[in-house]
Amino acid sequence: MQPPSTTSSAGPSSVRVELGPRSYSAEVGPGVLAAIGGRVRDSLGNRCRKALLVIDQAVPGKFADLAESSLRESGLEVARATLHASEHEKSLHSFGALLQQLAGLRLERRDVLVALGGGVIGDLAGFAAASYRRGIPFVQCPTTLLSMVDASVGGKTAINIDLGPGSGLVKNMAGAFHQPIAVLADTLTLESLEPRQYRCGMAECIKHAMIGADFQDPSLLDWTRRHASSPAQSAEISELITRNVAIKARVVAGDEREEREGAGGRALLNLGHTFGHAIEALPGAQGVLAGGQTLPGEIQHGEAVALGLRAALAAAVRLGSASQEYGALINSLLDSFSLPARASGLPETGAVVDRMRHDKKNLAGSLRLILPCGQGRATVVENPPEQAVRDAIDSIRA
Ligand SMILES: NC(=O)c1ccc[n+]([C@@H]2O[C@H](COP(=O)([O-])OP(=O)(O)OC[C@H]3O[C@@H](n4cnc5c(N)ncnc54)[C@H](O)[C@@H]3O)[C@@H](O)[C@H]2O)c1
């Protein structure tokens, strides 16, 4: 495989996701959204007549207008669906409403759905595209750092299932593998992103850096430590996004449907997520920074991932797969982005372990963890000792 493609200026770059007939490119850089009409035409030809643009209402209107006019200039009829992005909206209800809108607009098999928003919009709209008429083409236009570096690439689409009062959401419990035909990560959209959301994206970048050596970018961790605090509109951040997309592209090219066991498989992307999804799904958890400050409101996905990375590190140190020094290095990198060090409001440890067993990645109630090994590597561990898992949860309890 090629070394990671990187940008030397803030101009656009392109990463190819190699999946045979389902291959596509992810374009990264300022202004790439303006090319969406041409990209759709190149990919789908003249039989594509209509587009549904699914928009996060928090994204400044000028970006939706830009995407719409580019699609119209390419001769497409465009309709819009504007949604409020939250984990509660990544629901059966919103999924059904999108399918109804697609059917009402009479989109056909060669028409296209475009997702313009963060991971919530991308996952929800992607699942609607995967299901409507058993699958129509879709384009991912991610507008958060997290969705640029992770959620928009790789074809996982999903909604959450609500288990009712007191039990909370089970994350991504219904979904499909459905690759986009293109990804357009316009870095100008990051201008309006709240700093807290930007930091959430850094949690996924740190996760990628922790598996970089497994996917041919061993210097990513060191580079991330040196450059990731650069301003959002800098060449360094375009490079950061491009290198992270390249990692994701390699993982997906090697194991599109997460079927490979052990080293090199897509499962390594779940580093921190078994703990993280459980924390995120349990009602009442809140992030607490290393300095003791509690972050307001619900815990965010990237914050839960950061806590999950810390818990996975604690388990890895206890089980001897990573050194204490490596744990300290990653924890201080997470601290440098004001990502939470602990969670308040967690139920008793057994309830968190139960929720982890509920994770859809586990078989027959068994537990599977991804543990960091140091030096940008990680490994899959089936049925780790329960006490190590309990201690790891307690290590992040406020
Ligand atoms: N499919 C995958 O492979 C994959 C991978 C990682 C995460 N995910 C999913 O992605 C979701 C998290 O993604 P996210 O962090 O992007 O969350 P998100 O979509 O909820 O966006 C975070 C917040 O930023 C706002 N926002 C989005 N773009 C903005 C912009 N340009 N300016 C101002 N505000 C903006 C949103 O309205 C929201 O309030 C989770 O549901 C997670 O499960 C999926």
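The values are calculated or read from the model by the stated rules, or taken from the named source; none is laboratory data. On a predicted model such as this, the values are computed, not experimentally measured, just so you know. A quick note on method: Cβ atoms are made from the backbone with ideal geometry, for glycine too, and the neighbour counts reach across all protein chains shown.
Structure notes:
- The set of residues from region 118-155 being within 30 Å of Gly345 (Cα to Cα) and either outside the structural domain of Ser70 (by TED's automatic domain parsing) or near the ligand (Cβ under 7 Å from one of its atoms) (or both) comprises Gly118, Gly119, Val120, Ile121, Gly122, Asp123, Thr144, Leu146, Ser147, Asp150, Ala151.
- Residue within region 92-112 that is within 25 Å of Ala232 (Cβ to Cβ) and touching a Cys at 6+ places or on another chain (Cβ under 8 Å) present: no
- Scanning region 163-177 for residues that are within 13 Å of the ligand (Cβ to nearest atom) and within 19 Å of Glu280 (Cβ to Cβ) yields a total of 7.
- Residue that is modelled with the highest pLDDT, among those in region 163-173 that are more than 16 Å from the chain's Cα centre (by Cα) and assigned to a strand (DSSP E or B): Val170
- For region 148-194, the set of residues classified as acidic (Asp, Glu), over 23 Å from Leu92 (Cβ atoms) and in contact (Cβ under 8 Å) with a residue 40 or more places away in the chain consists of Asp150, Asp186, Glu191, listed by residue number.
- The single condition among (1) under 16 Å from Val40 (Cβ atoms); (2) near the ligand (Cβ under 8 Å from one of its atoms); (3) in a strand (DSSP E or B) that Asn160 does not satisfy is (1).
- Qualifying helices (runs of 4 or more DSSP H) (wholly inside region 249-355; at least 2 residues being in contact with a strand residue (DSSP E or B) (Cβ under 8 Å, 6 or more places away or on another chain) and either modelled with pLDDT under 95 or under 30 Å from Val17 (Cα atoms) (or both)): 273-281, 301-319
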